[in-house]
């Protein structure tokens, strides 16, 4: 108590002593004070601000994906219900003409998940350099934003795709070709027990589009990825069945100890012809283990889609991925789609399970930014697809799921 | 190591091979690119951007609620202290004239809590359709934003109110009447053990305002809610004592197993006459249990408020709730308020406790967006109000709490 | 089921009955509707909107800090890797001319951490009053934003600095003097077991700058802080080694029970002369314990920096801290820096460890908002610096770490 009195005295004393000193300007928060550039502002649900010289810009947007699922269960309970599948805020911008950044955070499930968080140097076209947290360049479906996917979830083989990691990347873009390569550490919130070293990886993707027009495109792609696992040396692949609401991951390799490194190969193809499109990928994973035989896993999918209302899937040659569909009619666009996908996690005694999924989908694009989706999925599991022993194998449920999606 | 070398070679080789290809435009991030509409921008602490045709808009705002509490304890320790009660970012907007959305996330307590996250269709006036995460239409106090509540916390019976869930809602608005109804799943982050099915509910609210003018209004409301519980079939009501800082929830029914469904009835009334207002609600909950007797719980509150400075509480007929007070004087508005509330969770052998609270409150609205609040609460508990056995019953503490609140 | 039918009937009945009532205006979301003031918008990567009368404003910005570290380990594994060090969204603004607010949230590590969240009253210059969550006024290095620090992490003695708490503060600013004082509770997410009372503290800082010009400044500062610990009475100081990526905190006093209060003294000095600068601080902590001898801990650091490219560190007299460096040349600014820091947590039988760090640093400011950093740290620990027994003492690792930083 005495100390507080002393301190307050000290405070008062000082201020009285110095009370004669006075200046005129108000205090201001010590922060980036931007200059009053001439700025162009626009909105299409989000905000975009750009300086007239184009040297600075910011875009604020987001997305809301709301799902419901009804499972026609066979041998295991899957849990009907609803969820917020993605609640995303996106901030991206340009700094001093040459630099760009993106910051994208997902708040669904009541948790914070940093998606993109990177800085890029953009002044050495056709090269671009990126540092931070972003997707390793692997798989057409992975590179395509969930805003623009044909189905509600990515196909089964996506379980083998690296996804986002912290790293450094280079992109090169030509008239028909894009090339992306990067060196990566682990994901931003991976932590290794007993402070072992994190793993690292190198991933590269090459895409080639012999033609890529408004309503007609052909895409071919090839990707390789090498990953040195972290000091725990535990490896695991697992996968839900193209439905996010249930927590059951039938396909599960279990934790494979003494795993040293993983090499991935990906082959991609897509073809757009008017309202029709086809797309397929094949992914192969080779794991190197010490004192155990090295297993290989593989999976592939093939999908087709047809716009009843005449639109085309929008292939973006410069990034080698698909983009936003804009309905041609006032009542929106309607798309029918079907997909077959398969993943096999059984090899050299590892019984991770194997599964085939057939999905039928309908998408109604009310306008370029709002979409309703319905997917009906037939699952056929083998006896080992038992969620690493947690559920019954040979399960054959069917899944019906719905989504309302908006982005801005 | 060999593999990396190979991959880098592959990368270099590809780029050299294709180096002759060059295009002129810079890469750009694949994102919603908004069109340069003519936009109207304004701020009152937040940002609002609207296109001149009114078809698109975005509003970014937030709120900060800072609390401190001093407890005059009787039989149990409650824990004096301070907290961030609500740190909220709000984003809402309009898309393609007919669609609206809201996204509202709370970051207090160092956790992420998605509040509103919904899409609405607004083009079929006087009907409106909503899908996503929002409040089930039940209780005047619940429907009123915490920015506009007369007291720092909602009254005891609010423990029985459904709050926010994932669902689909319909609103209809007339000159004196509003009607809201919805079908709902569980809250977005509820997860059922062993993948059982989530529960679902149907809730409907009818409000009638015989008159609703600037300084004079009468509100009557009626709501019913039915909820089929999830497959765990565990039901629980619990409640703090109109003070959020302490974690003690004296009133606690405990987990009631084999609970099948819950039916709620709510009766609301409010009356504004110049600077005076009265408001009250009665809520009754009937639980259906298998193999046990069905309990009924009920609670009610009655509150009055008086603006010394001449303002009126702002009743919004179109939404059947209260809104923002705008001080008439430069020094702001001062409001005195009192409330009696009671909740009884004792029935058919369930000893959840019963309690009466009397609250005296003073609010100082410095301007329409900043408010200081003080609440003094007298608590009288029965012997069963023991936090399901964790603390002593028959406790009679008094609570003094303060809030500084700003929204923008 | 019967109940739902009844409820839907009730809904339909009501709407039919009242269907004749109709009004013309569309529904609107009940939210702060800002007035169309004339507003000035600018961007420098973020957005700033200010009304022409200056009464309202909002600034939206953020920061991205990406780190990688390679540890040259001696006796303990530290764990090489990479991380998102800080992913921050900042919102600050002005309301009704006299009030200001700031809201700043960190999303790195996949968790939400509220940094600044306060309201201020700014109309009584040279006084300013603040309420909410903000830094207790203690230590030059702590008061300086991590955007503007010379080294990647603050020096070892920063482990003793109070940091952010919930409280009420007063600032006074003169031509050469600033005075800050505040009363504080605990941090916003501290919770005391068994609902004991939270602790509280009082902190005051006085700075004096005999001269403070663009390229030449002298800063002297003095701070005291008293903290009454919460009802758990457990006290702990611990510290990483100026590297955030590893989780090892060599210096760790352990939990010191029966701790009653803590008193801190801080002495600060900084001198800028053209491209050269020196800065140092000494912090002493005295802990009062019941039934144990009272320990004292202390630490200090001294650092120098030199801009090869001619810039100066920017001392801000009004806030008594350092601010943003703006490169003079097109290729940016380059800064060399060195620091010695030491912290001793050994006293009266407490063996928290003692350590000396020497850091060499290079900073490349590509432009005012983007910076690359590299730090090389030599660590020398005594035998007690064993992370409270978790690792080996007398460890002498060297740490090499890199950062890419952008703010907007």
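The values are calculated or read from the model by the stated rules, or taken from the named source; none is laboratory data. What you are looking at is a predicted structure, and each value in this text was computed from that prediction instead of being measured. Ideal geometry is used to build each Cβ from the backbone, glycine not excepted, and the neighbour counts take in all protein chains shown.
For segment C:192-218, enumerate the residues that are buried (at least 16 other Cβ atoms within 10 Å of the Cβ) and either under 24 Å from residue C:113 (Cα atoms) or at pLDDT below 95 (or both). Residues satisfying the conditions are C:192, C:195, C:196, C:197, C:198, C:199, C:200, C:201, C:202, C:203. Listed by position, the strands (runs of 3 or more DSSP E) contained in segment C:11-73 that have at least 1 residues being in contact with a strand residue (DSSP E or B) (Cβ under 6 Å, 6 or more places away or on another chain), at pLDDT 85 or above and on the phi < 0 side of the Ramachandran plot are C:47-51, C:57-72.
For the residues B:330, B:311, the requirement of being more than 10 Å from every other protein chain (Cβ to nearest Cβ), within 30 Å of residue C:92 (Cα to Cα) and free of Cβ contacts under 8 Å to residues at least 12 places away in the same chain singles out B:330.
Can you tell me which of A:166, A:218 is touching a strand residue (DSSP E or B) at 6+ places or on another chain (Cβ under 7 Å) and facing another protein chain (nearest Cβ under 9 Å)? One residue alone meets the criteria, A:166. Consider residue A:93 carefully, then state whether it is in a strand (DSSP E or B), surrounded by 21 or more Cβ atoms within 10 Å (Cβ to Cβ) and modelled with pLDDT of 95 or more. So residue A:93 does not fit the description; no. Among the conditions (1) away from chain A (no Cβ under 13 Å); (2) more than 23 Å from the chain's Cα centre (by Cα), residue C:230 misses just one, which is (2). Just for segment B:179-191: of the residues that are surrounded by 20 or more Cβ atoms within 10 Å (Cβ to Cβ) and at the interface with chain A (Cβ under 8 Å from one of its Cβ atoms), which one is farthest from the chain's Cα centre (by Cα)? Checking each candidate, the answer is B:185. Could you please find all residues in segment A:68-79 being surrounded by 24 or more Cβ atoms within 10 Å (Cβ to Cβ) and at the interface with chain B (Cβ under 7 Å from one of its Cβ atoms)? Passing the criteria: only A:78. Just one of the listed residues (A:360, A:366, A:399, A:343) is in a strand (DSSP E or B) and in contact with a helix residue (DSSP H, G or I) (Cβ under 6 Å, 6 or more places away or on another chain), namely A:343. Among the strands (runs of 3 or more DSSP E) contained in segment B:99-163, which hold 2 or more residues that are within 15 Å of the chain's Cα centre (by Cα) and free of Cβ contacts under 8 Å to residues at least 12 places away in the same chain? Because the criterion is at least 2 residues that are within 15 Å of the chain's Cα centre (by Cα) and free of Cβ contacts under 8 Å to residues at least 12 places away in the same chain, no strands (runs of 3 or more DSSP E) in segment B:99-163 meet it. Within segment B:231-248, the residues that satisfy the criterion of being in contact with a strand residue (DSSP E or B) (Cβ under 8 Å, 6 or more places away or on another chain) and under 24 Å from residue B:286 (Cβ atoms) are B:233, B:234, B:235, B:236, B:237, B:238, B:239. For residue B:83, the criteria (1) under 28 Å from residue B:339 (Cα atoms); (2) modelled with pLDDT under 95; (3) in a loop (DSSP other than H, G, I, E, B) hold in every case but one, which is (3). Looking across segment C:225-245, just one residue is in a strand (DSSP E or B), touching a residue at least 40 places away in the same chain (Cβ under 8 Å), under 24 Å from residue B:68 (Cα atoms) and in contact with a helix residue (DSSP H, G or I) (Cβ under 9 Å, 6 or more places away or on another chain), and that is C:225. Scanning segment B:233-250 for residues that are within 14 Å of another protein chain (Cβ to nearest Cβ) and surrounded by fewer than 16 Cβ atoms within 10 Å (Cβ to Cβ) returns a single hit, B:247.
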